[in-house]
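To start, the structure itself, in structure tokens.
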Amino acid sequence: MLSEKMLGLGKKRSAIREIFEYGKKRAAEIGADKIFDFSIGNPNVPAPEYLKRVLIALLENSDPACLHSYTSAQGDVGVRKIIANNIYERFGTEVTADNIYITSGAAAALTISIKAMTVPGDEFIVFAPYFPEYIVFVEAAGAKVVVIPPDTEDFQIDIESFEASINKNTKGVIINSPNNPSGVVYSVETINSVCGILSKKEKEFGHSIYLISDEPYRELVYDDIEVPYLMNYYNNTIVSYSYSKSLSIPGERIGYIAVSPKMENTDDMYAAICGAGRALGYVCAPSIFQQAIAKCIDQTSDISIYKKNRDILYEELTKLGYKCAKPDGAFYLFIKALEPNAEAFCTKARKHELLLVAGDGFGCPGYVRISYCVRTDQIEKSLPAFAKLAKEYQ
Ligand code: PLP
């Protein structure tokens, strides 16, 4: 007998992957230039040229026995020092190499962090709209997910519902800003409210409540928007970081966990993270990419392309009558579907070769995600299709 739960997860692809696979099939049928695939967050902006040179130099000049070998499970200590210094320089937070655990991307950072802190009966709070895999990760660790409904006014956090949902079983809160799928950056005011409530509730229930800040889009912000660094707002914070989007290398699987040095039990939390990594079979993150990110610590791919894409799409779609909160970051636009059923709206969009993802899977029915990490000319070419789709509803 197999695990029903795992069988179910394996048989039913995520809605995003489903549409992405359809897009590949459809592109083969009618040509890639005729299909407007806004389904997946696979960066189209190339990785920096500098990264390519770093990788070539690593391959040519390193001792292969070292370059390809296992590192410490938590990552090479030299690389961890570079990451820790970078955090200190950027945010003034005094983390050290012993607070950093290098992972295979943010997905591993999340699964490891959740596993490290979960005991039976625990609950994790997520804010809709949320990255759908949070549900999978939390449930796989044996905990319960508590969803805070979206505040569709501006896609900040519904603070009252949040406060009301915390109880004695609350172990953690997962927060994601810039947000997938809304593109919204939570304001300093929102963050202060969330952290204030958490501190109050920790006292009330007499135990730690951990804040997991999932930050794969931290570098993808536009117009000088500031993304608050949560360790500076709340002591029991863990950061889940990834280079997938900032360096356009999602397939290379590299990121890290940073544990706040101000957490009450930092060393034990770090040890539990090492234990969870071990239990989940993450032997170490890819060795070449550990070295590569250390040498590219200040690099990003060309973020200005995403800003250009956002500006075109936001301006043109709002002119056509679509409604959405203007995104300050990430590479997603979260529009209100033109009918209550977002799935039905996406099916109609598909007839115009527009591949969009319904908000239902993000905990926000009635909305639709457009992933604009595609070529700018694809966005420009897609506008008549968006216009025809809007016309169907007039
Ligand atoms: N968290 C969020 C909010 C994401 O959007 C993604 C990927 O799209 C991840 C985590 C996983 O990122 P990674 O590729 O680093 O595992």
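Structure data summary
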{"read-out": "Selection within segment 291-341 - under 30 Å from Arg53 (Cα atoms) and part of a helix (DSSP H, G or I)", "value": "Gln291, Ala292, Ile293, Ala294, Lys295, Ser304, Ile305, Tyr306, Lys307, Lys308, Asn309, Arg310"}
{"read-out": "Wholly within segment 79-180, helices (runs of 4 or more DSSP H) carrying at least 1 residues that are surrounded by fewer than 17 Cβ atoms within 10 Å (Cβ to Cβ) and more than 15 Å from the ligand (Cβ to nearest atom)", "value": "133-140, 159-165"}
{"read-out": "The listed residue being surrounded by fewer than 18 Cβ atoms within 10 Å (Cβ to Cβ) and either among the hydroxyl-bearing types (Ser, Thr, Tyr) or assigned to a helix (DSSP H, G or I) (or both), out of Leu51, Leu55, Leu9", "value": "Leu9"}
{"read-out": "Residue in segment 228-239 that is surrounded by fewer than 24 Cβ atoms within 10 Å (Cβ to Cβ), within 24 Å of Ser371 (Cα to Cα), in contact (Cβ under 8 Å) with a residue 40 or more places away in the chain and within 16 Å of the ligand (Cβ to nearest atom) present", "value": "no"}
{"read-out": "Filter result (surrounded by fewer than 19 Cβ atoms within 10 Å (Cβ to Cβ) and among the acidic types (Asp, Glu)) within segment 203-223", "value": "Glu204, Glu219, Asp223"}
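One line per residue, one yes/no per condition, for (1) touching a residue at least 40 places away in the same chain (Cβ under 8 Å); (2) surrounded by fewer than 20 Cβ atoms within 10 Å (Cβ to Cβ):
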| site | (1), (2) |
| --- | --- |
| Ile273 | yes, no |
| Ala276 | yes, no |
| Ala279 | yes, yes |
| Pro286 | yes, yes |
| Ala292 | yes, no |
| Ile297 | yes, yes |
| Ser304 | no, yes |
| Arg310 | yes, no |
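Every number in this text was worked out from the coordinates using simple rules, so none of it is lab data. As the structure is a prediction and not an experimental result, all values here were calculated from the model. Cβ atoms come from the backbone with ideal geometry, glycine included; neighbour counts cover every protein chain shown.
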